[in-house]
1. Which of the residues belonging to the range 66-87 are among the aromatic types (Phe, Trp, Tyr) and surrounded by fewer than 18 Cβ atoms within 10 Å (Cβ to Cβ)?
2. Look at the range 1-44 and say how many of its residues are among the aliphatic types (A, V, I, L, M), open to solvent by less than 50 Å² (accessible area, probe 1.4 Å), in a helix (DSSP H, G or I) and at pLDDT 70 or above.
3. Is there any pair linking a residue in the range 79-100 that is under 17 Å from Thr62 (Cα atoms) and of a type in the set (Phe, Trp, Tyr) to one that is assigned to a helix (DSSP H, G or I) and open to solvent by less than 30 Å² (accessible area, probe 1.4 Å), with Cβ under 7 Å and at least six apart or on different chains, and which?
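The values are calculated or read from the model by the stated rules, or taken from the named source; none is laboratory data. These numbers were taken from a predicted model, which means no experiment stands behind them. Backbone-built Cβ (ideal geometry, glycine too); neighbour counts: all protein chains shown. Ligands, DNA and RNA are stripped out before the accessible areas are found, and what is left, the full protein with its side chains, is counted by its heavy atoms. Shrake-Rupley method; radii C 1.70, N 1.55, O 1.52, S 1.80 Å.
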Amino acid sequence: MVDIGRGMAAGFVATTAFSLLVLASLALGLLPQVAAAALFGGVLWGQGMPAVAWIIHFLIGTVLWGGLFAALAPRLPGRTRTARGIAFGVFLWLLAMVVLMPITADAGPSGLGLRLWVTMLVPYLVFGAVLGATYSWLLERRRPPAPGRTNPGR
């Protein structure tokens, strides 16, 4: 079953979890500032437009990644939607580390350092797990009661 709207809702929840984890990692000094610049609209941060950067960040996580996950979930590896979400998170992590971070950091993927590669993996795994679990939960809530069972809410 594919439901793009529920995928986008799950994308919003997952983007919130991801953002909070990255912000906590930055506050604890676990991530360099280049990670924040790449993830939250590096060009816009430098222009004093953090609100626009956050809006773009949440639109990408909600609409693009949430909707794409819903469309691809049946084809992703894994037996559960949560496992498929984690696989999707690993794909996004690789995309970020090979394409986004090097452009923002003005360095090749090998110039980012192993620490950044490893510390960025955790937020992407959390993003994927929350995305898959939330999407699954939203789809389960949609199901009508089994035949012969009454709905106590009516």
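1. Result: no residue meets the conditions.
2. The total comes to 7.
3. If the second residue must be assigned to a helix (DSSP H, G or I) and open to solvent by less than 30 Å² (accessible area, probe 1.4 Å), the pairs left are Phe88/Phe69; Phe88/Gly128; Phe88/Leu131; Trp93/Met120; Trp93/Tyr124.
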